[in-house]
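The values are calculated or read from the model by the stated rules, or taken from the named source; none is laboratory data. Only a predicted model underlies this, so the values are computations on that prediction, with no experimental measurement involved. Glycine gets a Cβ as well: all are built from the backbone with ideal geometry, and neighbour counts include every protein chain shown. Areas reflect the complete protein model, heavy atoms only, side chains present, ligands, DNA and RNA absent. Shrake-Rupley method; radii C 1.70, N 1.55, O 1.52, S 1.80 Å.
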Amino acid sequence: MPRTGWSPSMVPYGADETVCLIIDRFSPGTVYREIERTDLEAIISDLLIGQFNDPVRVVAFNTLKHWAADVSADVAVEIQSLCDIQGEPVPDHLSDFVRSYSGSNRQLTFRLAW
């Protein structure tokens, strides 16, 4: 069982590869899952189809370029936008994630009738 402050020790396979780490919550605790995808669309698709139980955070990092970033807000806004465009509600397993990261940044678009 990981102790407080523990972080997974992962290194991307490619020399210059961006890797996303999705922190997923299960009832007994938190699990770190790695997806080796660089495109945001594939990550969002995995989240929408239920590949993750209850995501808490999405972190992208690139060890060659020495950066890491919490991209949770970007992912949440994209999920909300896609659901809005499709006229579908955000799936239940993503609703807490989207609500906590998209918050007041959500912009509604209204059609004007002329």
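Solvent-accessible area of VAL59, all protein chains in place: 30 Å² (probe radius 1.4 Å, heavy atoms, ligands and nucleic acids excluded).
Take the Cβ-Cβ distance between ASP92 and ASP39 as r, set R0 to 25 Å, and report the resulting FRET efficiency rounded to the nearest 0.05. E between ASP92 and ASP39, to the nearest 0.05, is 0.50.
Karplus-derived 3J(HN,Hα) values for region 52-66, using 6.51 cos²θ - 1.76 cosθ + 1.60 with θ = phi - 60°, are 10, 6, 8, x, 10, 7, 10, 10, 10, 8, 9, 6, 5, 8, 6 Hz; glycine and proline are entered as x.
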